[in-house]
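The values are calculated or read from the model by the stated rules, or taken from the named source; none is laboratory data. What you are looking at is a predicted structure, and each value in this text was computed from that prediction instead of being measured. Note: ideal-geometry Cβ built from the backbone for every residue, glycine included; neighbour counts use all protein chains shown. The protein model used for the area step is the full one, side chains on, heavy atoms only, and it has no ligands, DNA or RNA in it. Shrake-Rupley method; radii C 1.70, N 1.55, O 1.52, S 1.80 Å.
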Amino acid sequence: KQWYQRRVAITAGRKQEAKLAKQEAYKKEQEALKLEKEENERIQRELEAQRQLEAKEKAEVEKKERQKQNKLIKSERKKLRENVKNCNYFATDGQNVVKSMENLDLLLLSLSLDDMKKLNESSKDTNNFTVKYRNILESHLTDQENKTKENLMKAKQSQEVHKEQTSNSDKFTTPDIALLVKAVKMFPPGTINRWCTIADYLNLHSTLCKTYESKDIISKVKKLQSKEGDDLKSKINKQAYENFEKSQKQRIDEVHHAGGLSSRDTMNTSLAEEVATNGVFKKKKTAWTSDEQKLLEDALKKFPQSIGAERWDNIADHVGSRNKKDCMRRYKDLVEQIKAKKAKQ
């Protein structure tokens with residue numbers, strides 16, 4: 001038993017030593033990793049500082065070089081100006097002197113340092129200097145004139161393109177877009193000269209624009225097929241529905257302004273009809289009373305078309321004694337009666 005206890009104690013001691021050794025190794029490993037990380041960070045900081053220092057030195061060198069270059073250019077410009085001035089700016093009268101001075105100022109801004117040096121070196125020979133200066137000046141003025149013409153041409157072309165795009169985009173109003181959608185369905189792919197035919201159709205039926213071309217039609221159809229086109233179609237459908245509702249509302253308002261329908265007209269539109277079927281009489285419809293008619297007219301004003309799908313449910317609830325279908329049928333009958341009265345007048 002004592003031997004066994006000693007054996008267990010020795011084993012436990014060895015396990016404890018192994019555990020401590022393992023912990024010590026792990027601790028050393030972590031310390032080594034930490035030192036390595038710190039060393040890498042230090043190296044990176046030194047490299048970054050070195051890079052910034054080199055960039056700063058390079059910027060300083062470039063700055064000194066630019067200053068030196070600008071100083072040389074300024075000196076050469078001054079020399080060239082003096083040389084040209086000594087030749088009276090190569091002008092024959094006072095007006096030419098002013099113009100020549102302006103040309104000289106423009107020329108000095110465009111000449112490089114080497115060109116100015118060559119001109120100044122040739123100033124020793126007046127004839128040679130005169131020929132070189134006039135050639136360079138003539139070439140410079142020609143280049144400036146060509147650049148000006150080119151810029152003007154580009155600006156004009158840009159204005160024309162913008163004007164054409166604006167004109168094309170302004171051509172299509174909402175009614176014309178509705179006509180275009182209809183024409184595309186009327187003349188499907190495979191139609192001979194399809195786009196020209198659609199353009200002719202719009203020019204014939206449009207009340208606002210008569211100058212549509214095939215390229216206008218193709219461009220607009222592509223837009224209609226895009227996401228923007230889907231929005232336009234929805235807008236057209238919504239506007240058509242609103243226009244219809246507005247016209248119907250206007251007709252109902254005309255009834256009110258005219259004093260409403262007569263009691264006879266009101267009763268005759270939905271008189272009770274009895275139909276004999278196998279000897280049994282069955283009521284097909286019941287007549288609208290004057291009170292129901294008044295409630296319907298009030299409801300049409302109270303609940304406009306902007307409410308949406310719930311409009312006729314609200315109107316039926318307001319009338320009380322009629323359902324949604326009866327109110328819609330009655331509304332349609334009123335519109336037809338108004339049309340008939342106008343036709344007789």
Sorted list, accessible surface of protein heavy atoms, 1.4 Å probe, largest first, for TRP288, TRP3 is TRP3, TRP288
At R0 = 25 Å the Cβ-Cβ FRET efficiency linking LYS147 and ALA91, nearest 0.05, sits at 0.50
Expected field for ARG6, accessible surface area in Å² at 1.4 Å probe radius, rounded to 10, holds 130 Å²
Convex hull around the C-alpha positions of the stretch 9-143: the volume in Å³ per residue is 148 Å³
Computed curve, the stretch 51-128, Cα-only Debye sum without solvent term, log₁₀ I(q)/I(0) at 0.18, 0.22 Å⁻¹, is -0.77, -1.00
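What does the extension gain come out to for ILE10 and THR286, with contour length at 0.36 nm per residue minus their alpha carbon separation? Mind showing how you got there, number by number?
Working: separation 276, 0.36 × 276 = 99.36 nm, distance 11.25 nm.
Using 0.36 nm per residue and subtracting the Cα-Cα distance, I get 88.1 nm.
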Probe 1.4 Å, all chains present, heavy atoms only: PHE90 accessible area in Å², nearest 10, is 40 Å²
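Quick one: compute a quarter of the convex hull surface over the Cα atoms of the stretch 100-226 and quote it in nm².
Taking the Cα atoms of the stretch 100-226, their convex hull projects to 14.0 nm² on average.
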Along the stretch 195-203, Karplus-curve 3J(HN,Hα) (6.51, -1.76, 1.60; θ = phi - 60°) to the nearest Hz, with x for Gly and Pro, reads 5, 5, 5, 5, 4, 4, 5, 5, 5
With every protein chain kept in place and a 1.4 Å probe, the residues TYR89, TYR26 fall, from largest accessible area down, as TYR26, TYR89
Phi-derived 3J(HN,Hα) across the stretch 100-117 with the Karplus relation (6.51, -1.76, 1.60, θ = phi - 60°), rounded Hz, x for Gly and Pro, is 5, 5, 5, 5, 5, 4, 5, 5, 5, 6, 9, 6, 7, 5, 5, 5, 5, 4
